[in-house]
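The values are calculated or read from the model by the stated rules, or taken from the named source; none is laboratory data. Quantities reported herein were computed from a predicted structural model and do not represent experimental measurements. With ideal geometry, Cβ positions are generated from the backbone for all residues, glycine too; neighbour counts draw on all protein chains shown. Ligands, DNA and RNA are stripped out before the accessible areas are found, and what is left, the full protein with its side chains, is counted by its heavy atoms. Shrake-Rupley method; radii C 1.70, N 1.55, O 1.52, S 1.80 Å.
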Amino acid sequence: MTHFGDYQNLIYGNGLSGVQPTWPVDYATLKVRAEAAMPPSVLNYVQGGCGDEFTQDENAYAFRHWGMVPRMMVDCSKRDLSTRVFGIELESPLFMAPIGVTGMCTQDGHGDLAAARASAATGVPLIASTLSNDPLEAVRTACRDTAALFQLYTPRDPELAASLVGRAEASGFKAIVVTLDTWVTGWRPRDLNVANFPQLRGHVLQNYFTDPAFRKLLAKPPEDDMRAAIGTWAATFGKVLTWDDMAWLRSLTKLPIVLKGICHPDDARRAIDTGADGIYVSNHGGRQANGGIAAIDMLPEVVAAVAGRIPVLFDSGIRSGSDVIKAIALGADLVGVGRTYSYGLALGGADGCAHVLRCLLAEADLLMAVNGWPTLAAAREAGAERTDLAPPSRSSA
């Protein structure tokens, strides 16, 4: 088994030779460095949320009012963070959440491939976005032996939807993650104030421009008439999905279907009843809707409704390894990080991204070691408690 915490030993060992880490190990410093490195248009898109960004900020802040209680005299000299989801054996519960401008986060414009190479280097699965600067086939190949999932923004054209899903399945992606809350974009002041929407400038659309079903919709190929191709993309993006569409989605693939954006326990139950293979608790990091409850605060009720019948994925607000374990303690099976790894891409490409992932895993592993949880199951059994409510009695009497 992998002891991810050993990464700190490597850092300290290098320090004996006068070598300090190339990139920061903490989120706050990483953020500052990335803000200086990223072009303003990309930075605003990565950092920006909906409205006054209250929900986005609350997603991260809410982790502070969840606390975990350590247990002593437990042998944690060996820790096992491995898990199994959708028949896939994983070394840890961490995954890379889909980000639509990943491709733009590296200076060469191939951030999707860099993220995939970081996934291959660390064993952390990537959920590749439909919005990409490189075709999904190339992204999947760059992931090598590490499992990858494909995130679908369901287009209005059914043939295009079938083609994208078919390509993902043929390329070896292990599941289709259907985003439910982005058939239209939310009110994003940072982007609106500078009138910047990357897709309308032709960015991150390679999965469409290389798709035979999409190209059939065009009078001329994108390379001959980019403006028309972008207009066609805008006209086909964003199918409004209802529960009646589940049968159609199910007909497109034999792969597991994960519904992303589920935050209400009734929706979780409905998803299972209509054939979903996984639930993905997320409020899109606060980018799509403002005024909502922090995603981590909605996780426990969804987990209770699912009751172990299918896997529960989670993202929104993850900034550290301790955040990852808190989400696990509250019942998530897999935990996604987004913005944090994009900063690693901006600073150091695939290597910088891999460093960020290793830091998250090291912190998570060491937290489990110190708190007396040798396995993820032990962390879930320990659970997490609201620290802003009356403390419970821990007496066994």
Among R190, R201, which is among the basic types (K, R) and out of contact with any helix residue (DSSP H, G or I) (no Cβ under 6 Å at 6 or more places or on another chain)?
R201
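Among E385, E381, E363, which is modelled with pLDDT of 95 or more and in contact with a helix residue (DSSP H, G or I) (Cβ under 8 Å, 6 or more places away or on another chain)?
Details: E385 fails: in contact with a helix residue (DSSP H, G or I) (Cβ under 8 Å, 6 or more places away or on another chain); E381 fails: in contact with a helix residue (DSSP H, G or I) (Cβ under 8 Å, 6 or more places away or on another chain).
That would be E363, the only listed residue that is modelled with pLDDT of 95 or more and in contact with a helix residue (DSSP H, G or I) (Cβ under 8 Å, 6 or more places away or on another chain).
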Can you tell me which residue among D57, D108 is assigned to a helix (DSSP H, G or I) and acidic (D, E)?
D57
Residues of segment 36-54 being under 23 Å from W23 (Cα atoms), not β-branched (V, I, T) and not in a loop (DSSP other than H, G, I, E, B), which ones?
A36, A37, P40, S41, L43, N44, Y45, Q47
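I'd like the residue in segment 31-45 that is closer than 12 Å to N196 by Cβ and buried (at least 16 other Cβ atoms within 10 Å of the Cβ) and, out of all such residues, is farthest from the chain's Cα centre (by Cα). First the steps, then the outcome.
Step one: of segment 31-45, the residues closer than 12 Å to N196 by Cβ are 39-45.
Those still in the list that are buried (at least 16 other Cβ atoms within 10 Å of the Cβ) too: 41-45.
Numbers: S41: 21, V42: 18, L43: 18, N44: 18, Y45: 16 Å.
Restricting to residues being closer than 12 Å to N196 by Cβ and buried (at least 16 other Cβ atoms within 10 Å of the Cβ), the top hit is S41.
Pick out the one residue from A294, A276 that is without any contact (Cβ under 8 Å) to a residue 40 or more places away in the chain, under 23 Å from L334 (Cα atoms) and crowded, with 19+ Cβ neighbours inside 10 Å. It would help to see each step written out before you state the result.
Working: A294 fails: without any contact (Cβ under 8 Å) to a residue 40 or more places away in the chain.
Going through A294, A276 in turn, just one is without any contact (Cβ under 8 Å) to a residue 40 or more places away in the chain, under 23 Å from L334 (Cα atoms) and crowded, with 19+ Cβ neighbours inside 10 Å: A276.
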Output the residues belonging to segment 300-320 that are surrounded by 24 or more Cβ atoms within 10 Å (Cβ to Cβ) and part of a helix (DSSP H, G or I).
V302
Go through (1) in contact with a Leu (Cβ under 6 Å, 6 or more places away or on another chain); (2) in contact (Cβ under 8 Å) with a residue 40 or more places away in the chain one by one and return the number of the condition K254 breaks.
(1)
Would segment 140-162 turn up any residue that is open to solvent by less than 30 Å² (accessible area, probe 1.4 Å), acidic (D, E) and part of a helix (DSSP H, G or I)?
no
Exclusive hit being under 24 Å from the mean Cα position of the chain (by Cα) and among the polar types (S, T, N, Q), set T130, T232:
T130
Does G51 meet the test of being free of Cβ contacts under 8 Å to residues at least 40 places away in the same chain, on the phi > 0 side of the Ramachandran plot and surrounded by fewer than 17 Cβ atoms within 10 Å (Cβ to Cβ)?
no
Among the candidates D245, D297, D273, D277, which residue alone is of a type in the set (D, E, K, R) and touching a helix residue (DSSP H, G or I) at 6+ places or on another chain (Cβ under 7 Å)?
D297
Filter segment 330-351 down to residues that are surrounded by 24 or more Cβ atoms within 10 Å (Cβ to Cβ) and either more than 25 Å from A294 (Cβ to Cβ) or free of Cβ contacts under 8 Å to residues at least 40 places away in the same chain (or both), then give me how many there are.
2
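Among the residues of segment 168-189, are any assigned to a helix (DSSP H, G or I), under 28 Å from L94 (Cα atoms) and open to solvent by less than 20 Å² (accessible area, probe 1.4 Å)? Spell out how you get there, then give the answer.
The first filter runs over segment 168-189 and keeps only residues assigned to a helix (DSSP H, G or I), leaving 168-171, 189.
Now drop any that are not under 28 Å from L94 (Cα atoms), which leaves 168-171.
Within this subset, residues satisfying the condition of being open to solvent by less than 20 Å² (accessible area, probe 1.4 Å) are 168.
Yes, segment 168-189 contains at least one residue that is assigned to a helix (DSSP H, G or I), under 28 Å from L94 (Cα atoms) and open to solvent by less than 20 Å² (accessible area, probe 1.4 Å).
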